[in-house]
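First comes the structure, then the notes that go with it.
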Amino acid sequence: MTTAVQLFHSLPPIASLPTATVPAAKSSAGTRNQPASFHVVCASRKSRDDDYHATLKALNSKGRFPRKSLGQHYMLNPEINEQLARAANVEEGDVVLEIGPGTGSLTNVLINSGATVLAIEKDPHMVDLVRERFETTDKFKVLQEDFVKCHIRSHISPILESRKALNVSLIRAKVVSNLPFNISTDVIKLLLPMGDTFSEVVLLLQEETAVRLVESSLRTSEYRPINVFVNFYSEPEYNFRVPRTNFFPQPNVDAAVVTFRLKQAPDYPSVASTKSFFSMVHSAFNGKRKMLRRSLQHICPSNEIERALGDAGLPTTSRPEELTLDDFVKLYNMIAKV
């Protein structure tokens with residue numbers, strides 16, 4: 001049986017870790033053209049070595065080993081952490097929520113950028129580790145909770161209110177996280193409707209998930225209700241790819257960083273009820289190969305669905321994978337008038 005120590009000794013030296021790949025931008029026609037305007041920030045060799053070895057030392061302390069059940073894959077390349085912070089434009093005075101701080105390598109970059117960090121960590125051993133690591137700073141607080149079950153608004157609001165009391169101009173916080181892949185969709189669903197609290201959400205996700213959320217095209221099997229949800233509440237942007245060899249333990253897939261710039265309520269598409277709107281969207285995709293006049297007939301008769309489609313300027317034979325967010329909004333509002 002391979003021990004944790006043997007695995008640590010088998011890790012590559014810091015100099016051999018690959019850097020992130022910046023994608024080419026897409027034109028309106030869907031073809032790649034000029035490189036995206038994202039600037040790579042490289043840490044000094046000494047800081048890279050220090051953070052790399054600090055991460056390994058922290059993980060190896062007390063015989064700790066990443067837990068597969070928690071989706072723990074720790075970042076070994078501090079340059080990626082620097083780029084995550086830059087993607088969110090983290091600067092002096094910011095309040096940043098970090099989900100799953102692990103050993104605190106990204107946390108350290110955020111604090112050094114001038115941010116106050118609230119971290120949510122499920123693993124009690126990691127909570128103790130980062131609490132000890134940052135015990136000398138007043139810019140860090142960690143809570144032992146399962147993020148998908150916690151009431152994050154109640155934790156972040158007092159911090160923002162305290163800033164207002166000090167006449168600090170900060171209005172909303174940011175989210176910057178290297179997420180466990182197995183909770184990414186749940187986290188996105190929780191955070192994106194919180195535009196009143198967060199200005200932007202920068203997440204390191206499984207690359208396939210990142211591409212699907214940002215670049216899924218109409219009339220493809222990758223276009224799903226989550227795409228409508230993401231665009232309803234945010235403006236997503238694919239930042240850069242992160243090769244799997246930058247993690248310990250190494251996952252089976254590459255990762256990528258995505259920025260979601262959150263809309264505030266006045267900027268949401270106009271619908272009477274977001275709950276009933278997304279219920280309609282999910283119903284539409286439950287019969288993905290069906291025409292909408294059939295998949296939505298539990299809402300109202302097929303002939304009324306056809307009339308609503310026509311009034312929305314859509315073919316009466318439309319299927320869900322053919323509709324944009326704006327199309328779904330128009331259809332929902334037409335059905336609401338029936």
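The values are calculated or read from the model by the stated rules, or taken from the named source; none is laboratory data. The model shown is predicted, which means the values in this text are computed figures rather than measured ones. Virtual Cβ from ideal backbone geometry, glycine too; neighbours counted across all protein chains shown. For the accessible areas, the whole protein counts, side chains as well, though only heavy atoms, and no ligand, DNA or RNA atoms are used. Shrake-Rupley method; radii C 1.70, N 1.55, O 1.52, S 1.80 Å.
Go through segment 204-220 and give me each residue that's outside any helix (DSSP H, G or I), open to solvent by 30 Å² or more (accessible area, probe 1.4 Å) and in contact (Cβ under 8 Å) with a residue 60 or more places away in the chain.
Residues satisfying the conditions are Ser217, Leu218, Arg219, Thr220.
Within the bounds of segment 113-132, is there any residue that is touching a residue at least 60 places away in the same chain (Cβ under 8 Å) and open to solvent by 10 Å² or more (accessible area, probe 1.4 Å)?
Yes: one or more hits.
Could you pull out the residue among Ser295, Ser283, Ser276 that is farther than 30 Å from His73 by Cβ, open to solvent by 30 Å² or more (accessible area, probe 1.4 Å) and either of a type in the set (Ser, Thr, Tyr) or in contact with a Pro (Cβ under 8 Å, 6 or more places away or on another chain) (or both)?
Result of the check over Ser295, Ser283, Ser276: Ser276.
Looking at Val187, Val201, Val175, can you tell me which residue is at pLDDT 95 or above and either part of a loop (DSSP other than H, G, I, E, B) or closer than 19 Å to Asn108 by Cβ (or both)?
Val175
Open to solvent by less than 40 Å² (accessible area, probe 1.4 Å) and either among the β-branched types (Val, Ile, Thr) or under 30 Å from Glu92 (Cβ atoms) (or both), is that true of Leu166?
Considered against the rule, which asks whether it is open to solvent by less than 40 Å² (accessible area, probe 1.4 Å) and either among the β-branched types (Val, Ile, Thr) or under 30 Å from Glu92 (Cβ atoms) (or both), Leu166 comes out as no.
Each row is one residue, and each column tells you yes or no for (1) within 16 Å of the chain's Cα centre (by Cα); (2) outside the structural domain of Leu323 (by the TED database); (3) of a type outside the set (A, V, I, L, M).
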| site | (1), (2), (3) |
| --- | --- |
| Leu203 | yes, yes, no |
| Pro225 | no, yes, yes |
| Phe229 | yes, yes, yes |
| Pro236 | yes, yes, yes |
| Val242 | yes, yes, no |
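Hey, does segment 145-161 have a residue that's outside any helix (DSSP H, G or I), of a type outside the set (Ser, Thr, Tyr) and surrounded by 15 or more Cβ atoms within 10 Å (Cβ to Cβ)?
yes
Of everything in segment 227-264, what is at pLDDT 95 or above, surrounded by fewer than 17 Cβ atoms within 10 Å (Cβ to Cβ) and not in a strand (DSSP E or B)? Give them in sequence order.
The one that is at pLDDT 95 or above, surrounded by fewer than 17 Cβ atoms within 10 Å (Cβ to Cβ) and not in a strand (DSSP E or B): Gln264.
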